[in-house]
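The values are calculated or read from the model by the stated rules, or taken from the named source; none is laboratory data. None of these values were measured; they are calculated from a predicted model. Cβ coordinates were reconstructed from backbone atoms using ideal geometry, including for glycine residues, and neighbour counts include every protein chain displayed.
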């Protein structure tokens, strides 16, 4: 049996975390013994983990901030693990990531793995690359834009046997930014467990016969939820009876609350917060709208499609690979004006709405069986 270590920050609600939990739910535990190292929090999705997963929670929050403040917090809390790590992180500034060599010993002891997987760039992948003892090393790329230091990321990847990416567009982006990665790049999309999603989508959260629109995602700048406001204003001014639910949490919440209040949309735009199970909101909506400018794949869009909900989606890397404009969804340009135009187009054209609704189906390339076969091939070193 092969020993595998996954490293991630937490299992709080998010697309990367959803992807990780889905992988762990479908691992073959007759072939693999799995440890999961979490560095920040255990999180909302932990309850979905199979019992076979051995969770190693090591809270490194005391290492955050300036060196002096971090050291004070560590001493006050008698957190000697974080104290030792903080000195290593200081050395990293002067000597590079190779200074992390002893970090894994501090966190998990001197264990040897058949494969280690850093599921995010940054400290998770750096630990996998420079510190964990393993025969095979893998990092995962989930982002729709290249927002990391090229030299540091390239050096980390040079220690890896494979770099998994979630879409062909991401693969092309990384290949352009760091050409020497070409031979290591492996495209493995996030899986879409249609059966599990359907089971979780029972019982409508909505009341009334009005139009229900939903958007799901982290309230972050790149998601551009502010572009919803002009659409909602237009619908209200047309005397449309509707409620628009935004499911998610994040740093842009206060700005959205202000925009909703300033435009007198409190009766129409509802911030529902983060939900570990957003699927009832999606399944029973009349329309799913995704205004994000940055998506590596667009997992929530695929989930809405599996649930049979027509989608209006702003163009970005991932969704453009599986949405055929006007056939199984509508694509908008990256502007609020385009979003207004396309939402009105689908709501005012019953034939278009029905055509798209009939063509929202499960893409087979995202099935758990197919995706897990690709992952096992990568872990076992056959690719």
Original post:
Checking residue 341 against (1) over 19 Å from residue 234 (Cβ atoms); (2) without any contact (Cβ under 8 Å) to a residue 24 or more places away in the chain, which test does it fail?
Top reply: (1)
Original post:
For residue 218, all conditions in the list (1) outside the structural domain of residue 23 (by TED's automatic domain parsing); (2) within 15 Å of residue 295 (Cα to Cα); (3) in a helix (DSSP H, G or I) hold save one; what is the number of the exception?
Top reply: (3)
**OP:** Within region 245-263, count every residue that is in contact (Cβ under 8 Å) with a residue 40 or more places away in the chain and in a strand (DSSP E or B).
**Re:** 1
**OP:** Give just the number: which of (1) loosely packed, with under 15 Cβ neighbours inside 10 Å; (2) under 21 Å from the mean Cα position of the chain (by Cα); (3) in contact (Cβ under 8 Å) with a residue 24 or more places away in the chain does residue 203 not satisfy?
**Re:** (2)
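Conditions tested, residue by residue: (1) in the same structural domain as residue 275 (by TED's automatic domain parsing); (2) in contact with a strand residue (DSSP E or B) (Cβ under 8 Å, 6 or more places away or on another chain); (3) within 25 Å of residue 105 (Cβ to Cβ); (4) surrounded by 13 or more Cβ atoms within 10 Å (Cβ to Cβ).
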{"position": "6", "(1), (2), (3), (4)": "no, yes, yes, yes"}
{"position": "9", "(1), (2), (3), (4)": "no, yes, yes, yes"}
{"position": "27", "(1), (2), (3), (4)": "no, yes, no, yes"}
{"position": "36", "(1), (2), (3), (4)": "no, yes, yes, yes"}
{"position": "39", "(1), (2), (3), (4)": "no, yes, yes, yes"}
{"position": "42", "(1), (2), (3), (4)": "no, yes, yes, yes"}
{"position": "48", "(1), (2), (3), (4)": "no, no, no, yes"}
{"position": "63", "(1), (2), (3), (4)": "no, no, yes, yes"}
{"position": "74", "(1), (2), (3), (4)": "no, no, yes, yes"}
**OP:** Residue by residue through region 52-68, note down the ones that are farther than 15 Å from residue 21 by Cβ, in contact with a helix residue (DSSP H, G or I) (Cβ under 7 Å, 6 or more places away or on another chain) and not in a helix (DSSP H, G or I).
**Re:** 56, 58, 60, 64
Original post:
Taking region 293-325 on its own, how many of its residues are part of a loop (DSSP other than H, G, I, E, B) and either touching a helix residue (DSSP H, G or I) at 6+ places or on another chain (Cβ under 7 Å) or closer than 19 Å to residue 226 by Cβ (or both)?
Top reply: 13
**OP:** Using the structure shown, decide if residue 178 is free of Cβ contacts under 8 Å to residues at least 40 places away in the same chain and either crowded, with 18+ Cβ neighbours inside 10 Å or over 30 Å from residue 126 (Cβ atoms) (or both).
**Re:** yes
Original post:
Which one of 182, 226 is assigned by TED's automatic domain parsing to the domain that holds residue 375 and assigned to a helix (DSSP H, G or I)?
Top reply: 182
